[in-house]
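Worksheet: the structure to be examined is printed underneath.
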Amino acid sequence: MKIGVIGGGQLGRMLALAGTPLGMQFVFLDPASDACAAALGSHICADYNDYDHLQQLAQQVDLVTFEFENVPADTVAFLSQLVPVYPGAEALRIARDRLLEKTLFRQLGIPVAPFADIHSQADLEEAAKTLGLPAVLKTRTLGYDGKGQRVLRQPEDLQGAFAALGSVPCILETFVPFSGEVSLVAVRGRDGETRAYPLVHNTHTDGILRLSIASSDHPLQAQAEDYVNRVLEHLDYVGVLAFEFFEIDGGLKANEIAPRVHNSGHWTIEGAECSQFENHLRAITGLPLGDTRKVGESAMINFIGEVPDASVVLAEPSCHLHHYNKAFKAGRKVGHATLRCDSMDQLQQALQRMQQIV
């Protein structure tokens with residue numbers, strides 16, 4: 001089985017690492033000449049809207065998936081005419097546009113913060129009167145890791161905010177006074193079977209995920225799975241999908257979905273019976289889904305900008321290092337480490353030791 005992947009970053013790289021033992025081969029299409037996934041397969045160096053090279057990709061593979069949602073939905077729609085693509089173009093179209101995404105949540109009865117569609121500074125000022133402050137202004141598309149958004153706390157913050165985000169279509173959301181951030185990674189097969197991993201507690205700094213800790217018997221697990229299943233069923237989704245939530249007033253409020261394997265699920269490589277990466281490949285190729293149960297207690301630490309010396313990181317006995325072989329750059333995810341222990345107390349002690357390193 002040969003899998004085409006749109007995007008050649010670390011998620012594609014980890015998909016290939018999971019699929020190679022299953023006898024799968026990979027072809028990546030990515031415009032970057034130094035795409036870090038290229039070492040794990042063939043690399044077509046081309047833009048995502050280069051239809052000649054997209055056709056070339058389709059001719060080389062049995063099916064196609066993608067590793068991040070900033071791929072144009074038209075690219076997936078075009079490929080779908082030539083070869084099976086999972087997830088489908090509709091899931092990508094909705095997930096890459098915050099307005100469509102929030103509208104879908106509301107349609108499916110999933111709680112979401114009040115929001116407004118913004119196309120001008122005048123729209124922003126009018127919406128701020130209705131929604132109130134603080135609020136968060138976000139570009140509708142292409143925002144990730146804290147990019148493409150501004151927190152507006154007082155009336156003076158409104159001035160020039162629309163232009164500061166490029167004068168592109170935006171969405172204004174009421175700021176949610178959350179007590180925690182969690183995410184649920186789930187997988188749905190071609191036959192509709194669905195499995196979910198344990199809810200994960202996430203910690204962000206400057207909009208970038210820094211730490212994820214897999215929970216045990218989280219009281220909101222069932223609620224999270226209900227909300228995720230509503231989206232999976234509505235979209236007739238195939239593959240892994242991540243749903244990020246805010247914890248508020250003892251319940252969950254939707255933040256966003258990612259139609260792909262997700263950073264907060266990296267712990268599953270060592271911390272679950274079957275990783276999110278293998279389960280994504282199982283789902284899109286029609287193989288039986290793997291067990292999503294935890295193995296011990298796990299946490300994932302992102303390395304941002306640079307990866308500490310391997311000898312120092314691996315001195316922690318519970319640590320598993322993942323170096324993406326990407327050029328070091330401020331604000332860039334260049335690697336991660338998974339900590340896996342027998343108990344939560346041991347995990348917390350290991351985290352304290354690791355935090356002295358990173």
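The values are calculated or read from the model by the stated rules, or taken from the named source; none is laboratory data. All of these numbers come straight from a predicted model, not from anything done at the bench. When we count neighbours, we look across all protein chains shown, and the Cβ atoms used for this are built from the backbone with ideal geometry, even at glycine.
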(message) If a residue must be closer than 18 Å to Leu281 by Cα and among the hydroxyl-bearing types (Ser, Thr, Tyr), how many such residues does segment 28-71 contain?
(response) 2
(request) Could you tell me which of the residues Ile257, Ile284 is surrounded by 15 or more Cβ atoms within 10 Å (Cβ to Cβ), touching a residue at least 40 places away in the same chain (Cβ under 8 Å) and part of a strand (DSSP E or B)? (result) Ile257
(request) Return a yes/no flag: does segment 244-251 have any residue that is touching a residue at least 40 places away in the same chain (Cβ under 8 Å), surrounded by 19 or more Cβ atoms within 10 Å (Cβ to Cβ), assigned by TED's automatic domain parsing to the domain that holds Ser343 and of a type in the set (Val, Ile, Thr). (result) no
(request) Kindly provide the set of residues from segment 173-183 that are out of contact with any Asp or Glu (no Cβ under 8 Å at 6 or more places or on another chain) and surrounded by 15 or more Cβ atoms within 10 Å (Cβ to Cβ), ordered by number. (result) Glu173, Thr174, Phe175, Val176
(message) Would you confirm whether or not segment 45-62 contains a residue that is in contact with a strand residue (DSSP E or B) (Cβ under 9 Å, 6 or more places away or on another chain) and on the phi > 0 side of the Ramachandran plot?
(response) no
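Among helices (runs of 4 or more DSSP H) lying entirely in segment 2-81, which contain 1 or more residues that are within 26 Å of Gly265 (Cβ to Cβ) and of a type in the set (Lys, Arg)?
In segment 2-81, 10-19 are the helices (runs of 4 or more DSSP H) which contain 1 or more residues that are within 26 Å of Gly265 (Cβ to Cβ) and of a type in the set (Lys, Arg).
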(message) Tally up the residues in segment 175-219 that are closer than 17 Å to Glu256 by Cβ, in contact with a Gly (Cβ under 7 Å, 6 or more places away or on another chain) and either assigned by TED's automatic domain parsing to the domain that holds Val136 or assigned to a loop (DSSP other than H, G, I, E, B) (or both), please.
(response) 1
(request) Would you check which residues across segment 324-345 are outside any loop (DSSP other than H, G, I, E, B), crowded, with 16+ Cβ neighbours inside 10 Å and of a type outside the set (A, V, I, L, M) and list them? (result) Lys333, Gly335, His336, Thr338, Arg340, Cys341
(request) Kindly check whether there is at least one residue in segment 293-302 that is closer than 25 Å to Met344 by Cα, of a type in the set (Lys, Arg), in contact with a helix residue (DSSP H, G or I) (Cβ under 7 Å, 6 or more places away or on another chain) and not assigned by TED's automatic domain parsing to the domain that holds Gln10. (result) yes
